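The structure appears right after this line, and notes come after that.
The values are calculated or read from the model by the stated rules, or taken from the named source; none is laboratory data. Everything quoted here is computed from the prediction, not taken from an experiment. Methodologically, a virtual Cβ is constructed for each residue, glycine included, from the backbone with ideal geometry; neighbour enumeration extends over all protein chains shown.
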Amino acid sequence: MDLRLTNQEPTEAERAAVDSVLGPPDSAWVGGERGDDGHAAHGGHAARAQRHLLLPVLHALQGRAGWISQAGLGYACRRLTVPPAEAYGVASFYALFALEPRAPVVAHVCTDIACMCSGSVELVAELERTIGPSGERPSNGSAIWLESPCLGLCEQAPAVLVTRAGETPGEHSISKATAVDVSAALAGTSEQRTETLAPQTEGGGDGLRLLHRVGTIDPGSLDSYRGAGGYEALRTAFDIGPAGVIREVTDSKLLGRGGAAFPTGRKWDAVGRNPSMPHYIVCNADESEPGTFKDRVVIESDPFALIEALTIAGFATAAEHGYVYLRGEYPLAWSRLEHAIEQCRSRGLLGDDVMGRGFRFDIELRKGAGAYICGEETALFNSIEGYRGEPRSKPPFPVDKGLFGKPTVVNNVESLLNVLGILHDGGAEFARIGTEQSTGTRLFCLAGCVQRPGLYEAPFGVTLREVLDMAGGVRDGNDLKAVLLGGAAGGFVGPDMLDLELSFEATRAAGTTLGSGVVLVFDQTVDLVPILLRIAAFFRDESCGQCVPCRVGTVRQQEALLRLAADRPRGSVADETALLAEIAQAMRDASICGLGQTAANAIDSAINSLRVFEPQGA
Amino acid sequence: MSVVPVTISHTVELEIDGENVRVREGATILDACRAQGRDQPTLCYGDTLTPINACRVCVVEVEGSRVLVPSCARKAEDGMVVRTDTERVRHSRKMVLEFLGSSVDLTTAPNVDGWMEEYEAKPERYGPPAPPAPEGARDRAQAGHHHAGDGQTAATVAQPVKVDNESYIRDYAKCILCYKCVEGCGTDWQNTFAIAVAGRGFDARISTEYAAPLPDSACVYCGNCIAVCPTGALMFKSEHDMREDGTWDESEQTVTETICSYCGVGCSLELHVQDNSIVKVTSPLDHGITRGNLCVKGRFGYQYVQNRPDEE
Ligand SMILES: Cc1cc2nc3c(=O)[nH]c(=O)nc-3n(C[C@H](O)[C@H](O)[C@H](O)COP(=O)(O)O)c2cc1C
Ligand code: SF4
Ligand code: SF4
Ligand code: SF4
Ligand code: FES
Ligand code: FES
């Protein structure tokens, strides 16, 4: 491949940003062998093998300058031997990257569905009045605010993420944000302000399997983690060997918690047996499903647990290399996990000889950049590899051809966390918890109109009513209108479904889903139509654009809803809902991946179960 | 010592619409359908390119699969039971055609009209088209943000044609985002990587870096992207200009096959001639070696043949 690069010179700052990731160039000429015409780089293999560093390099450029310039990107391309058109295609895929000059400070204000129930609508109106429209720089200001999809802080709504570019770039989250907070953020005087809301842990977390260390240990201290039983599970794993671990996980009947409910043991076994080497283990912490915040809470409060579980997964499947792909909007989780990984390395719990047992394993942290689709496992691989986060077609499945084309286990944070308890109690014992087909406990993200929003843990089989009761019921004694189960890709259920048993099998039988554990509550004061419009806008924004049913279907779905919401249907209301049903069917049947296949679910359930567009409807 | 390769040709047998078909192992469902004389509509599929199965117009039902599968990419397997004409298949095909027909200018895409009729697609039912985007607006769209409008008009990809060089034009109002040009320019053939998909969702688009004009990009004007474009979004400037003037008339054209005389490779050329002038150059896609690809000389270097003294 010949690279043609422009002659634009990067600024010193841009050069330094790229070099901070790639190291200083070996010579004054910085990319492969130099071509005759002076600006062609003939792809050196060593450089091209670094393509997986493209995303970190883009983060560095964005963080330094507040946007990614053509000269800055050109320098990165030269160092990595990536064609500029491709690198531009990658950079422009992510919502957190700007490709035109932009103010260095940006307040990303969540306007998604949980925040809509807790003041984001009023917040946005006030920002428009006091600061100006979204995206517009106030006179002589160096900061803007932008609307954002769910920031994963739904239990502390409304949420704001502040990104600050410059010599020491940084990000922080602000929960329960007011217009005063946003003004402070734009003036550069705000800082991280969030809480850990897991009410069950307040008395010490006894009896909880997944959350028992939350709030009781110091997430910055390995000793604190070990003092609370940490690293006993890995010791057990070493004692029983890889086959033993896989047997216990299989016996536990653990199903994946990331949405697809696939048996974890089967996945591990398939990769463990695969003769093609190397194997990879990837932890999916992209958590961008609106209403979901469980993985954030776990990583912020108990980061060593994830590292230990990932190490066990690596040991069981003969993988030496693990990745954690964390969504870009989680600055606190990022710094805690980064710190924890450092500690584990320095204490011999990661590295060439883990615990002195001759097992080599290390973890690389990767930061997303604002793309829900990168949570889809194969899109995630592409994102790590430095390509656009477009899902691949399956088959082949990740256990055969995953990251870098090698056998790969992908697991959600919560799935992995369960493995610690499984090794502690044994798989069979674990399988006694919960229901026949849904074993163990589940993390539920309670947000919206509930009295005590937060993260809760309960065994599968608990009813929706019981879960709501744990969170103190509907806020302010109001009446329940609906619950969104499973997030934007899930479905609404009405108050008639309070006795629904929350397990994979019972929700499936009821035509709904547990998805990522979202239990988003709407009381009678909430108008569901704007919520549906927000969900439709979300899917339009987050579609990768690869396949027609999803790329255009999400737009046509939004347009039909806009007409219904404005009471200006083409034809009758029934014509519009029939059209929506037709669009839904094609998206479900013919889309490449789960995003398009589920993009109509919530809207479909609101129309058909809650009857939102009928005169007496919700 | 040399090893004599033993080739055993494996085949698989599957059932399509109730009839058994046997095809070589590795063949796709589409290959099997074609072998059986039941062609399927295709848009993003190209014989000479790696299937990316993005348009979904070729989907079929496969027993045991929850969702429909793209026949152009899924390999035929022993015992597969495939249906190409069920209600579900027809519905998805109709919707894909409507989605494209309501958002993209398909006037120069061959075959589409016939499929629209066959599947009873009615792109008009999504409302009148929204006004075209101003020049450059789609190129600058930021991922994760969009302007929703009021739903009374149907969003489209309409935008002005890009005319920035003398060889060919890019009319992305006609682009169905089939990725064929990207594959042709990149890994599949040309290895130039002048263009890629940029942006996301409905704002995804084919672009050079920072939407630079072609003369400032890596493009070498091989025209191999034009050869694979299924909609006429990429077009010889000569054809584009004649269409604008209303003088393009395929019934008046002759096609002369010849061999490119520039170098020793000897690529096959098809010269399309109207009114005694070459109006475009193609190369047969089924040519065993070049598979429709040319370089800038064969594709665009034809002016010298028609430098007639009387025209000076
Ligand atoms: C659009 C989309 C987004 C997804 N996002 C996530 C996510 O953020 N986290 C996650 O664990 N799984 C997500 N998934 C599911 C993953 O593809 C995959 O099934 C999961 O990570 C497997 O892990 P598990 O078996 O432990 O559940 C998503 C799927 C789709 C289609
Ligand atoms: S369904 Fe949507 S997100 Fe998934 S591949 Fe297709 S366009 Fe991309
Ligand atoms: S003309 Fe050739 S080099 Fe230029 S964009 Fe098309 S395929 Fe790529
Ligand atoms: S320009 Fe043509 S070949 Fe390229 S993606 Fe669009 S329709 Fe396909
Ligand atoms: S943080 Fe606002 S909806 Fe999740
Ligand atoms: S032709 Fe098969 S998906 Fe486009």
(request) Output the residue which, of all residues in segment B:142-188 that are small (Gly, Ala, Ser) and within 16 Å of ligand 2 (Cβ to nearest atom), is farthest from B:PRO230 (Cα to Cα). (result) B:GLY144
(request) Quickly run through segment B:73-95 and pick out the residues that are crowded, with 18+ Cβ neighbours inside 10 Å, in contact with an Asp or Glu (Cβ under 9 Å, 6 or more places away or on another chain) and outside any helix (DSSP H, G or I). (result) B:ALA76, B:MET80, B:VAL82, B:THR84
(request) Return only the number of the condition from (1) within 16 Å of ligand 4 (Cβ to nearest atom); (2) in contact with a helix residue (DSSP H, G or I) (Cβ under 8 Å, 6 or more places away or on another chain); (3) not small (Gly, Ala, Ser) that A:GLN546 does not satisfy. (result) (2)
(message) So, in segment A:523-544, exactly how many residues are without any contact (Cβ under 8 Å) to a residue 40 or more places away in the chain and within 13 Å of another protein chain (Cβ to nearest Cβ)?
(response) 3
(request) Identify, from the list A:ARG336, A:ARG345, A:ARG366, the residue that is of a type in the set (Lys, Arg) and in contact with a Phe, Trp or Tyr (Cβ under 9 Å, 6 or more places away or on another chain). (result) A:ARG366
(request) May I ask you to say which residue of A:CYS550, A:CYS544 is buried (at least 24 other Cβ atoms within 10 Å of the Cβ), assigned to a helix (DSSP H, G or I) and within 16 Å of ligand 2 (Cβ to nearest atom)? (result) A:CYS550
(request) Count, please, the residues in segment B:16-47 that happen to be in a strand (DSSP E or B) and within 16 Å of ligand 6 (Cβ to nearest atom). (result) 2
(request) Can you give me the number of residues within segment B:270-312 that are in a helix (DSSP H, G or I) and at pLDDT below 80? (result) 7
(request) Output the residues belonging to segment B:33-73 that are among the acidic types (Asp, Glu) and facing another protein chain (nearest Cβ under 10 Å). (result) B:GLU61
(message) Given the condition away from chain B (no Cβ under 14 Å), in contact (Cβ under 8 Å) with a residue 24 or more places away in the chain and part of a loop (DSSP other than H, G, I, E, B), answer yes or no: does some residue in segment A:599-611 qualify?
(response) yes
(request) Name the residue, out of B:VAL228, B:VAL220, that is within 26 Å of B:ILE176 (Cβ to Cβ), within 14 Å of chain A (Cβ to nearest Cβ) and under 23 Å from the mean Cα position of the chain (by Cα). (result) B:VAL220
(request) Would you check if there is a residue in segment A:338-359 being within 16 Å of ligand 1 (Cβ to nearest atom), touching a helix residue (DSSP H, G or I) at 6+ places or on another chain (Cβ under 6 Å) and either in the same structural domain as A:SER148 (by TED's automatic domain parsing) or modelled with pLDDT of 95 or more (or both)? (result) no
(request) Just one of (1) under 20 Å from B:TRP115 (Cα atoms); (2) surrounded by 13 or more Cβ atoms within 10 Å (Cβ to Cβ) trips up B:GLY37, so point out which. (result) (2)
(message) Please count how many residues of segment A:166-185 are crowded, with 23+ Cβ neighbours inside 10 Å and either in contact (Cβ under 8 Å) with a residue 60 or more places away in the chain or under 19 Å from A:GLY368 (Cα atoms) (or both).
(response) 4
(message) For segment B:155-172: of the residues being surrounded by fewer than 21 Cβ atoms within 10 Å (Cβ to Cβ) and among the small types (Gly, Ala, Ser), which is nearest to the other protein chains (Cβ to nearest Cβ)?
(response) B:ALA158
(message) Looking at B:GLY151, B:GLY136, can you tell me which residue is on the phi > 0 side of the Ramachandran plot and within 7 Å of chain A (Cβ to nearest Cβ)?
(response) B:GLY151
(message) Step by step: first the residues of segment A:251-310, then only those that are away from ligand 5 (no atom under 16 Å from the Cβ) and within 14 Å of another protein chain (Cβ to nearest Cβ), then the one that is nearest to the chain's Cα centre (by Cα). Which residue is that?
(response) A:ALA260
(message) Quick test for you: out of A:ARG568, A:ARG563, A:ARG556, pick the one residue that is facing chain B (nearest Cβ under 9 Å), closer than 29 Å to B:ILE52 by Cβ and not aliphatic (A, V, I, L, M).
(response) A:ARG556
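Given the structure, is A:SER118 assigned to a loop (DSSP other than H, G, I, E, B), within 14 Å of ligand 5 (Cβ to nearest atom) and surrounded by fewer than 24 Cβ atoms within 10 Å (Cβ to Cβ)?
yes
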(message) Every residue in segment A:553-581 that is part of a loop (DSSP other than H, G, I, E, B) and either in contact with a strand residue (DSSP E or B) (Cβ under 8 Å, 6 or more places away or on another chain) or hydrophobic (A, V, I, L, M, F, W, C) (or both), please.
(response) A:ALA566
